[in-house]
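Undergrad: The structure that follows is given in the form of structure tokens.
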Amino acid sequence: MVSRAIEQLLSEVDWPELDYLVVDLPPGTGDAQLTICQRVPVTGAVIVSTPNDVALSTAKRGLVMFEKMNVPILGIIENMSYFVCPHCQKESEIFSKGMAEKEAEKIGMVCLGKIPIEGKIAESGERGVPIVNLYPSSETSKAFIKAAESLPSDKVLILCNNKNIVLAAQQAEALCETKEIGVVPTRSVQQGIAALLALDQEADLQRNIERMMAAARSIINAEVTTATRDVELNGVTVRAGQSIGLLDGELVVSGDAHDEVVMRLLERVDLSERELITLYYGEGATKDDAEALLEKLQEQYPDMEVELIYGGQPHYSYFISVE
């Protein structure tokens with residue numbers, strides 16, 4: 001779905017003269033990156049990595065791919081760079097200190113910013129009060145603002161793609177004085193892709209946020225991953241090492257095989273008014289596994305269009321989007 005959607009976005013939209021088109025991509029090298037690099041003259045790429053070897057190696061693969069495609073690298077952002085103690089406000093490096101920042105220096109790149117892990121975000125979420133009200137000057141917000149101000153644009157759209165950073169992004173929007181920031185509070189990668197396709201270059205930020213969120217909410221998203229511990233939740237009993245399925249963020253099924261869990265997840269979805277199932281495979285699923293599952297889905301749902309995309313996402317064997 002990603003390649004086709006990007007092709008439509010780039011070639012079938014009557015674009016006016018643009019300032020910037022910002023695309024939030026999954027980590028590593030995948031269909032989305034290749035399609036964009038091959039179809040349009042990309043001005044630059046921003047590389048995001050956490051300060052650990054595995055994430056950095058994935059980010060470096062993406063960096064190398066962009067360089068091979070002659071795409072300039074604008075800089076590197078270090079995510080989860082440090083932890084801010086809620087008691088003493090002391091900064092502690094949980095991962096290796098400044099790995100992404102050091103890598104940027106090593107290869108002659110600019111480090112655009114370092115985003116911290118901050119307990120205040122979780123606290124404000126639990127209390128149901130926006131962090132912008134509880135902590136108007138939190139470190140996370142400052143980091144978002146610094147990164148936004150480093151970009152060569154007067155207007156910035158942030159697609160969160162994770163519920164845990166929505167409040168921090170909204171705080172950055174409220175506090176930034178040098179940029180016009182708009183937050184699209186998407187809660188998954190699948191929602192982020194749907195939102196991106198709804199972008200209207202002629203609309204203002206607020207109108208785009210409304211359009212993009214309407215598109216994001218129109219899809220059903222599911223994920224399949226591996227349980228790290230024994231648990232019983234929502235009436236589902238799970239053993240460590242089993243495959244588990246989440247539907248719109250809620251645990252609904254468990255099983256001994258990823259393909260089994262995917263099939264059982266889709267059984268819980270009302271497909272009567274849906275046309276397309278998109279399967280993104282990543283860590284824990286081989287190409288052969290994914291293609292075998294694709295055949296099962298096409299056989300099970302002959303009236304649906306089913307597409308398979310290599311997403312390369314860590315931790316999750318499958319992302320599923322139904323629209």
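Undergrad: Among the helices (runs of 4 or more DSSP H) lying completely within segment 86-175, list those that include at least 2 residues that are modelled with pLDDT of 75 or more.
TA: Qualifying helices (runs of 4 or more DSSP H): 166-175.
Undergrad: If I filter segment 207-233 down to residues being of a type in the set (Val, Ile, Thr) and either outside any strand (DSSP E or B) or modelled with pLDDT under 90 (or both), which single residue comes out as surrounded by the most Cβ atoms within 10 Å (Cβ to Cβ)? Walk me through it before giving the result.
TA: Taking segment 207-233 as the starting set, the residues that turn out to be of a type in the set (Val, Ile, Thr) are 209, 219-220, 224-226, 228, 231.
Retained after the next criterion (residues that are either outside any strand (DSSP E or B) or modelled with pLDDT under 90 (or both)): 209, 219, 228, 231.
Details: 209: 17, 219: 20, 228: 11, 231: 16.
Only one residue tops the list, namely 219.
Undergrad: So, in segment 36-94, exactly how many residues are among the hydroxyl-bearing types (Ser, Thr, Tyr) and in contact with a Cys (Cβ under 7 Å, 6 or more places away or on another chain)? Give the derivation first.
TA: Taking segment 36-94 and keeping what is among the hydroxyl-bearing types (Ser, Thr, Tyr), we get 43, 49-50, 57-58, 81-82, 92.
Restricting the remaining residues to those that are in contact with a Cys (Cβ under 7 Å, 6 or more places away or on another chain) gives 92.
The total comes to 1.
Undergrad: Please specify each residue of segment 160-190 satisfying the condition of being touching a strand residue (DSSP E or B) at 6+ places or on another chain (Cβ under 6 Å) and within 14 Å of residue 217 (Cβ to Cβ).
TA: Hits for segment 160-190 are 184, 186, 188, 190.
Undergrad: Among the residues of segment 235-248, is there at least one that is out of contact with any Phe, Trp or Tyr (no Cβ under 8 Å at 6 or more places or on another chain), assigned to a helix (DSSP H, G or I) and more than 23 Å from residue 24 (Cα to Cα)?
TA: Filtering segment 235-248 down to residues out of contact with any Phe, Trp or Tyr (no Cβ under 8 Å at 6 or more places or on another chain) leaves 235-248.
Imposing the further condition that a residue be assigned to a helix (DSSP H, G or I) reduces the set to none.
Scanning segment 235-248 turns up no residue that is out of contact with any Phe, Trp or Tyr (no Cβ under 8 Å at 6 or more places or on another chain), assigned to a helix (DSSP H, G or I) and more than 23 Å from residue 24 (Cα to Cα).
Undergrad: Given the conditions (1) in contact with an Asp or Glu (Cβ under 9 Å, 6 or more places away or on another chain); (2) within 20 Å of residue 61 (Cβ to Cβ); (3) exposed (fewer than 15 other Cβ atoms within 10 Å of the Cβ), which single one is not true for residue 287?
TA: Condition not satisfied by residue 287: (1).
The values are calculated or read from the model by the stated rules, or taken from the named source; none is laboratory data. What you see is a predicted model; the values in this text were computed from it and never measured. Ideal geometry is used to build each Cβ from the backbone, glycine not excepted, and the neighbour counts take in all protein chains shown.
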